[in-house]
Amino acid sequence: MFTSFRTEHTEGFIEYRVEDLTGLRTRICPERLKRGIGGVYIPTYKDEDCPFCPGLIEEVTPVFPDGKRIHIGESITFPNLYPFAAYHVVTSITHEHSVPTFTHKQIADALSGQVTALKKQSEYVSINWNYLPSAGASLPHPHLQGLCDHQPDTLPSRYLLAGEQYHKTHGRGYFEDVRKDAERSGRDLPGTILFWYAHPVPIGEREIRCLLPLTTVAEFSDVLEDFAADLISLLGFYRDLGTSAFNMAIFFGQNKDRNTFSAFCSLISRINPNPLSTSDTAFMERLHLEPVILTLPEELASTWREYAQNMPNVPTIIN
Ligand SMILES: [Zn+2]
């Protein structure tokens with residue numbers, strides 16, 4: 001599923017990896033963890049004038065053409081005032097402005113709000129989350145963003161196009177083979193309800209993907225409760241490893257893509273907010289389009305197994 005080679009240096013190694021299907025490349029340099037950049041510093045954010053806090057949200061955010069917003073539990077979904085997609089909706093997840101951990105209901109309700117707003121869209125849909133400003137959130141108040149465009153974005157389009165070719169050549173879906181390969185290699189994350197695995201050619205730190213048993217956003221409702229439960233476990237895992245900030249994207253296909261594409265989620269951890277604004281994204285990621293990653297996916301999966309054994313809410317792992 002991918003090719004790799006290592007070069008050794010006096011302190012360790014660099015492992016270069018290329019995903020066979022997409023040609024996406026990454027390099028993994030575990031020794032760079034020793035630099036110890038990033039800490040657990042999480043500032044508290046004032047809620048003054050926050051447009052997503054109760055009170056102001058009903059006054060300053062737009063409404064859908066029917067004159068309403070979508071309310072599910074604490075979540076409120078509305079059109080983005082400053083869209084960067086043909087259809088762009090925002091879901092404020094909680095009443096609270098600053099939330100260190102989320103309940104299952106908060107995440108499931110917010111995802112339901114997104115699905116309700118997006119399910120009638122017939123083109124390429126994604127549900128996304130930047131959590132904390134160091135992960136790109138322009139407002140610290142937790143919120144999801146749903147996008148829909150005529151064309152799939154760069155990453156999903158690679159899987160959509162190459163997945164079609166893979167199906168023609170091999171007579172089966174690419175994602176079936178991704179799953180088998182992850183299980184064979186021990187990169188799967190047992191104890192989750194849906195199928196999650198440490199992605200072998202990570203495009204971000206500690207990348208974990210979920211292969212969803214569905215294609216379109218409308219079908220996501222069927223597994224949304226399970227997805228929310230797994231996400232809470234995985235965010236707890238990230239926090240245990242020292243990072244609270246993260247990005248998440250769930251990519252959906254259209255009905256016509258059903259045989260060759262599976263909806264999937266990508267989750268990556270990000271550097272925590274810090275006083276110097278030190279970034280975990282620099283010229284390699286932004287200009288070379290080649291991520292420098294610190295954690296080997298195989299080690300991430302192995303760490304998860306140890307973590308999950310001691311976590312009360314994760315079912316017993318059967319090795
Ligand atoms: Zn707020």
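Here is how the numbers come out for the structure above:
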| quantity | calculated |
| --- | --- |
| Those residues of region 70-85 which are assigned to a loop (DSSP other than H, G, I, E, B) and open to solvent by less than 50 Å² (accessible area, probe 1.4 Å), in sequence order | 80, 85 |
| Tally of residues being in a helix (DSSP H, G or I) and either open to solvent by 50 Å² or more (accessible area, probe 1.4 Å) or on the phi > 0 side of the Ramachandran plot (or both) across region 153-184 | 14 |
| Which numbered condition residue 42 misses (of (1) in contact with a helix residue (DSSP H, G or I) (Cβ under 9 Å, 6 or more places away or on another chain); (2) within 29 Å of residue 293 (Cα to Cα); (3) not acidic (Asp, Glu)) | (1) |
| Residues of region 89-120 that turn out to be touching a Gly at 6+ places or on another chain (Cβ under 9 Å) and open to solvent by 60 Å² or more (accessible area, probe 1.4 Å), as a count | 2 |
| Residue match in region 140-148 (condition: within 30 Å of residue 305 (Cβ to Cβ) and either among the small types (Gly, Ala, Ser) or out of contact with any helix residue (DSSP H, G or I) (no Cβ under 9 Å at 6 or more places or on another chain) (or both)) | no |
| Lone unmet requirement of (1) in contact (Cβ under 8 Å) with a residue 12 or more places away in the chain; (2) open to solvent by less than 60 Å² (accessible area, probe 1.4 Å); (3) closer than 19 Å to residue 251 by Cα for residue 150 | (2) |
| Boolean, residue 33 is modelled with pLDDT of 95 or more and hydrophobic (A, V, I, L, M, F, W, C) | no |
| Hey, residue 137 within 16 Å of residue 52 (Cα to Cα), within 16 Å of the ligand (Cβ to nearest atom), open to solvent by less than 60 Å² (accessible area, probe 1.4 Å) and in a helix (DSSP H, G or I) or not | no |
| Odd one out for residue 279, checked against (1) farther than 23 Å from residue 25 by Cα; (2) of a type in the set (Gly, Ala, Ser); (3) open to solvent by 50 Å² or more (accessible area, probe 1.4 Å) | (1) |
| Residue count, region 91-128 (criterion: within 16 Å of the ligand (Cβ to nearest atom) and in a helix (DSSP H, G or I)) | 2 |
| Residue check, residue 24 among the aliphatic types (A, V, I, L, M) and within 16 Å of the ligand (Cβ to nearest atom) | no |
| Number of positions in region 140-149 that are hydrophobic (A, V, I, L, M, F, W, C) and away from the ligand (no atom under 16 Å from the Cβ) | 2 |
| Long-range neighbours under 6 Å by Cβ, at least six apart or interchain, first residue over 9 Å from residue 92 (Cβ atoms) and without any contact (Cβ under 8 Å) to a residue 24 or more places away in the chain within region 43-61, second within 8 Å of the ligand (Cβ to nearest atom) and not aromatic (Phe, Trp, Tyr) | 60/51 |
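Matching residues to (1) closer than 22 Å to residue 114 by Cα; (2) touching a helix residue (DSSP H, G or I) at 6+ places or on another chain (Cβ under 9 Å); (3) small (Gly, Ala, Ser); (4) open to solvent by 20 Å² or more (accessible area, probe 1.4 Å):
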position	(1), (2), (3), (4)
208	yes, yes, no, no
227	yes, yes, no, no
230	yes, no, no, no
236	no, yes, yes, no
242	no, no, yes, yes
258	yes, no, no, yes
303	no, yes, no, yes
311	no, yes, no, yes
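To keep it simple, each residue is scored yes or no on (1) among the polar types (S, T, N, Q); (2) open to solvent by less than 50 Å² (accessible area, probe 1.4 Å); (3) within 16 Å of the ligand (Cβ to nearest atom).
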residue	(1), (2), (3)
46	no, no, yes
52	no, yes, yes
55	no, yes, yes
59	no, no, yes
68	no, no, no
87	no, no, no
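The values are calculated or read from the model by the stated rules, or taken from the named source; none is laboratory data. On a predicted model such as this, the values are computed, not experimentally measured, just so you know. Every residue, glycine among them, receives a Cβ derived from its backbone with ideal geometry; neighbour counts consider all protein chains shown. Note: accessible area is taken over every heavy atom of the protein model, side chains too, but ligands, DNA and RNA are not part of it. Shrake-Rupley method; radii C 1.70, N 1.55, O 1.52, S 1.80 Å.
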